[in-house]
Structures are given as structure tokens and as C-alpha cells.
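Participant: My questions all concern the structure below.
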Amino acid sequence: MKVSIITAVRNARDTVERTLASVQSQSYPQIEHIVVDGLSTDGTLEILHRHKAVLSALIIERDRGVYDAFNKGLSRATGDIVGFLNADDVFAGTDVIQTIVDRFRASAVDATFGDMVYVDPAHGSKVTRRYNSGTFRPERVAYGIMPAHPTLYLRKAVYDHFGGYDPQYRIAGDFELVARVFAANSVRYAYIPQVLVEMRTGGLSTRGLSSKWIITREMRRACRQNGIGTNYVKLACRAPLKLLELLGDRNYRRQPG
């Protein structure tokens, strides 16, 4: 079972090498790593070229944003399973992909996902929040609840059937994809109750109130686009869940490796 991992990057000189090393350290052997760079200007390209020999594909060209870059990677993916690892994220250990493949094999599912921790980039690996993907159910998309996208792995056949990411979205393109894929309630999925990915805060979805307002509007649009009844009151219901995650148990010890 081959796994395609796609990384979209632009100007991530300080973090992308850790991401590349995290993929290269995985114990599971059948991995293809596809990196899509949107014409970085900060030294990122030099790092990518140093790792080019171990990458399955390196695409360097202008794009229309992160979701357009995701689609470029999808067009080159040949794996049975596809996932995404952002250029400032790392796997929570060396056996993450093996764990994901084992769950696909054991459960005969179309999708798997797990938990993710946000870490403070100014304080190393200090955890600020644990994202619990176990709260996801397809009917909860109307309330803005989705699995942590960097932990979501889908069979390539799911993308072939439902299509890729809508590049017209600025922040919630991953939410729109989840809404589209899970709205029909026909995709079989399994939750892996462990941390799979560490994400540094400061990304697209964690940049203050303005980004939160944009993502809420885009979530409402995504639900309407996919025939899911929602409104701003329903979408606001996800806020207490996030608060519980912020105040909840942050104990987390990174796996060896």
C-alpha cells in the first residue's frame, strides 16, 4: 500500500527542513513525497534542492494559493492513500504512517484521521492546544467541526471520485473538501485516538480574529455549496469546543525518533 504525502510550501526557510526530515524518518517504506513550491524567495528553494534526490517530485511554479498547490500535488500522486503535511508541521514520531496504513488495512475504510497538537514556535515544543478529531461526525460539519486536516488520509479513489480542493477558498478549502466528501455519509472512516501531527501556531487558520471571521464565512459558504444546512449561530457552537481543548489536558510526549 503506497502512501503519497504532499507538502505545499512558500517561503518556509526556517521550518521546511524539519518537515522534510520528518517524512524521511518514517519507518513505513512505501512513501512518495511530493513537494510543491510557489516560487519561494527566502532560501527555501536551496533547501528543497538539497533534498531533491529523496523527493518523488518537486514542483516549482507560481500557484493561486495553498489549495491550488494541493491540487498540483494531487495531480502527481500515485499512492493508494494520500495525505498532506504542511511546511511547518512534523509527524509526532517515526511510526505515524505505519499506524495509518495499519488502520486502513484493519478496518477496510476510505479515510482515517487522528489528533493533532499545536505547539508554540517561540517555546520549542510547548503544547498550546490538543485538537481532538474524535469529536467529528459527518452531521457535525454544519457546526464547523472537522478532523484535523494534517491528520486526514483518504484513499486516492476518494479524490478521484469527489475531486480536489476548491482554490477559490482562502482558508477553509480543507473544510469544504470535508463537507463535500462526508456530506453523503457514504465514506467509511476510522478515528485513530492518538496525536499524529505537531503544528506550529501562526499558520493560515491561526492568525487572529480576522482569519477567524474569514474562515467562518467560508465555512458557511462551503456548507451551502454542499447542501448542508447551517448558519452563523451553528458555526459559533464550535467555539466552546475549542475552549475546552485550550483548557484541557495538554500532556503530550513526542514519540521516539
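Participant: Which one of these is modelled with pLDDT of 95 or more, out of contact with any strand residue (DSSP E or B) (no Cβ under 8 Å at 6 or more places or on another chain), on the phi < 0 side of the Ramachandran plot and not β-branched (Val, Ile, Thr): Asp89, Asp115, Asp102, Asp110? Write out each step before concluding.
Facilitator: Details: Asp89 fails: out of contact with any strand residue (DSSP E or B) (no Cβ under 8 Å at 6 or more places or on another chain); Asp115 fails: out of contact with any strand residue (DSSP E or B) (no Cβ under 8 Å at 6 or more places or on another chain); Asp110 fails: out of contact with any strand residue (DSSP E or B) (no Cβ under 8 Å at 6 or more places or on another chain).
Unique residue meeting the criteria: Asp102.
Participant: A further question on this structure: Taking the range 1-36, which residues are farther than 24 Å from Arg155 by Cα and not small (Gly, Ala, Ser)?
Facilitator: Once the filter is applied, which keeps residues that are farther than 24 Å from Arg155 by Cα and not small (Gly, Ala, Ser), the range 1-36 yields Arg10, Asn11, Arg13, Asp14, Thr15, Val16, Glu17, Arg18.
Participant: Limited to the range 171-186, what total is found for residues that are modelled with pLDDT of 95 or more and surrounded by fewer than 21 Cβ atoms within 10 Å (Cβ to Cβ)?
Facilitator: Residues flagged as modelled with pLDDT of 95 or more and surrounded by fewer than 21 Cβ atoms within 10 Å (Cβ to Cβ) within the range 171-186 amount to 1.
Participant: Further question on the same structure: Quick check: is even one residue across the range 119-140 modelled with pLDDT of 95 or more and among the β-branched types (Val, Ile, Thr)?
Facilitator: No: the range 119-140 contains no residue that is modelled with pLDDT of 95 or more and among the β-branched types (Val, Ile, Thr).
Participant: Residue pairs, Cβ under 9 Å, 6 or more apart or interchain, first in the range 60-73 and of a type in the set (A, V, I, L, M, F, W, C), second surrounded by fewer than 19 Cβ atoms within 10 Å (Cβ to Cβ) and in a helix (DSSP H, G or I). List them.
Facilitator: Note: pairs meeting the criteria are Ile60/Leu45; Val66/Leu204.
Participant: If we only count strands (runs of 3 or more DSSP E) wholly inside the range 68-133, which ones have 2 or more residues that are among the small types (Gly, Ala, Ser)?
Facilitator: 111-119
Participant: Related question: Where residues in the range 40-89 are among the acidic types (Asp, Glu) and within 22 Å of Pro29 (Cβ to Cβ), which of them is surrounded by the most Cβ atoms within 10 Å (Cβ to Cβ)?
Facilitator: Restricting to residues being among the acidic types (Asp, Glu) and within 22 Å of Pro29 (Cβ to Cβ), the top hit is Asp89.
Participant: Pairs please, first residue from the range 211-222 and within 16 Å of Arg140 (Cβ to Cβ) and among the hydroxyl-bearing types (Ser, Thr, Tyr), second anywhere and crowded, with 18+ Cβ neighbours inside 10 Å and at pLDDT below 95, Cβ atoms under 7 Å, 6+ apart in sequence or on different chains.
Facilitator: Cβ pairs passing all conditions: Thr216/Leu235.
Participant: Exactly one condition in (1) under 26 Å from Asp80 (Cβ atoms); (2) in a loop (DSSP other than H, G, I, E, B); (3) within 15 Å of the chain's Cα centre (by Cα) is not met by Pro167; state its number.
Facilitator: (3)
The values are calculated or read from the model by the stated rules, or taken from the named source; none is laboratory data. These numbers come from a predicted model, not from an experiment. Ideal geometry is used to build each Cβ from the backbone, glycine not excepted, and the neighbour counts take in all protein chains shown.
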